[in-house]
Structures are given as C-alpha cells and as structure tokens.
1. As a check on your grasp of the helix formula, calculate [θ] at 222 nm for the chain: sum -39500 (n - 2.57) over DSSP H runs of n ≥ 4, divide by the residue count, round to the nearest 500.
2. If the convex hull of the alpha-carbon atoms of region 171-225 is projected onto planes in all directions, what is the mean projected area in square nanometres?
3. At what distance in nm do the modelled label points of Lys233 and Ser182 sit from each other, each positioned 7 Å from its Cα along Cα→Cβ?
4. Hey, which of these cross-link pairs are over 30 Å Cα-Cα: Lys18/Lys159; Lys18/Lys181; Lys198/Lys260; Lys181/Lys227?
5. Once you have the alpha carbon radius of gyration of the chain, what is it after dividing by 2.2 N^0.38 Å, with N set to its residue count?
6. In percent, what relative contact order does region 151-286 have, based on Cα pairs under 8 Å that are 6 or more apart in sequence?
7. Please list the non-local residues whose amide H lies under 5 Å from the amide H of His78, H modeled 1.01 Å from N, same-chain partners needing a gap of 5 or more.
8. For a protection proxy built on the mean count of beta-carbon atoms within 10 angstrom, sort 38-45, 173-180 highest first, please.
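The values are calculated or read from the model by the stated rules, or taken from the named source; none is laboratory data. Just so it is clear, the model here is predicted, and its values are computed rather than measured. Every residue, glycine as well, gets a Cβ built from its backbone with ideal geometry; the counts of neighbours run over all protein chains shown. Remember, those area values only see protein heavy atoms, side chains included, never the ligands or the DNA or RNA. Shrake-Rupley method; radii C 1.70, N 1.55, O 1.52, S 1.80 Å.
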Amino acid sequence: MAKEIILAENAGFCFGVKRAVDMATQYYDCEGVRVNTLGPLIHNNDVINRLAEHGIHAIDQGQIDSLDQNDVVVIRSHGITPQLHAQIAQTQARIVDATCPYVATIHKKVERHYRLGYQIVIVGDQSHPEVIGINGHCDNTAIITRDGSELPDFDPDQKICVVSQTTERLANFERVLAVVKSRCREVAAFNTICSATKTRQESAAAVAQIVDLMIVIGGKNSSNTKKLVEISKANCSNTIFVENSLELPLDLIAQEQFQKIGITAGASTPDWVIEGVIEQIQSISS
Ligand code: SF4
C-alpha cells in the first residue's frame, strides 16, 4: 500500500536564508572576480557543494586580509560584528551583505541600548555566529545565556536589555527574562525569536503528532534543524534525522507499521532536497 506523506507547512528555507542564497547565486560562474562567502553560506552541504560547482567558495576569517578589490564577499544571513565588517571593507573587496533583516534589527536594538547604558543579555548559544555577530554590536560586552543560570547578581539599578538569538526557544527566553526581572528594576526586553522559526516548529509538532514516522531533513550542524528534531521526537518517538535522500533508512521506512510519514525540514534545506526525499519514499511505497 502506498504510504501517505504529510509535508509540514513552512518546511525548508526561511525568508532570510532564501534571500542570502538568491544574493549569492547572482554571482554564479562570475568572471573577473573571486566570489567568496564568509563561512559556509548556510548549514547545508548540498547547497555548499552546488555553490562551489559555480565558483563560490567559503573563506574563513583568517583569510580576510588576503582579499582585494577583485573579491566579492557575501555576508551570510547570521550577520557579523561591525569590527569584522570594517576589516573586510579595508581590503576593498565588494561586500554583499545578506544579513537577514530580522537579525539586522537586533543589531540596531543592541547598539541603541548599549549606547544608553544598558547591560545587554543575549539568550542563545555563545558559539553561534549569529550570537557572536550580535555581541559585536555592544563591543562584545553581552552576557550570553541559555537558561539564566549563568547570570550574575546584578546591581538592582543596572539597566538590562534582553534580546534573543532568532532561533532560540521561547521557553528559554521567558526563563531568562523571569530571572532578570526578579533581580533588576529596569528591563528592556525584546522577544527577537523569528516567527519563521516558531511557525516551522509549530507545524513540525502538529505533523509529528499525527504520523507513524517523522523525517526531519537538514544539515547535521544546523541548530534550527536540531531543534526540529527535538520537537518532533517529543511528539513522535519514531523520528529520524537525515541530510538528504541518500541518508534515508529505506528498510525502516518500508516497514508496514509506518503508513503515515511526516516530513519537515530546517531553514537551510532547499526545496530540491525535500523533493528528493519525497520522491525516494514514493518510489519504495508505490
Ligand atoms: S530564521 Fe528568521 S531570522 Fe533567521 S535567517 Fe531565517 S528569516 Fe531570518
């Protein structure tokens, strides 16, 4: 019997990632300039390989000083620190800034409140490039926390500004905010969790609740995809995580007990990878 496949709404590329990929692909096979992305453009090896086939390669920060006016540098949707931006500008390379507008809004809020004397608190992962970029907008003075446990005993008169990594879970943001509010009198809080993340997470949960097997597609190092895996597992114990159709455990999927199969995908997963997974499942169940 053919399997029923339910694709979650809002699976795959979000607005900011699609924008960044579109900005980079304008430079496919470009002659006369070297096209670089600062770090992998998105957390998806299939996309990175396709970009490389068209002459677009990732460089790391250690290579910035060897750039010159013949280089194009695409800043990815996570954004970067102003210090790094200035370092690239000095090389005279052309900067294509694909920072997601939602992330750029956080940069502005942080800059403004830092100037007004607020201690910035970022709810998120201190090693994530987006968080590193945000921190640069307050001279790297932010306190970065996941759950509030690392927060110091602030002076109650210290003004605090709380923002969040765009992909953070709402429960973590609320937990940190509760701790800050219990210790300080003046708190400016901005829930900067991106709605693309929220709607993707909600639709993944809704699908995972009604299927026998849930498949989450995305890069193994993509934090938003890993969160979709967590959420799917909480709602469907049979959840598997693959990067593309080549990783599908076809023997498992073919089992009779798995008639309804749900699919969702992280923000860095292009449509053609999702379609490849669906086609592969259809081919074993028809
Ligand atoms: S998840 Fe949201 S903030 Fe992040 S790149 Fe996508 S649209 Fe922008």
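1. Per the formula, -12000 deg cm²/dmol.
2. It is 5.4 nm².
3. 2.8 nm
4. Distance filter (> 30 Å) returns Lys18/Lys159; Lys18/Lys181.
5. Cα Rg divided by the expected 2.2 N^0.38 Å: 1.11.
6. Here the relative contact order equals 23 percent.
7. Placed amide hydrogens put Cys100 under 5 Å from His78.
8. Highest mean packing first, the order is 38-45, 173-180.
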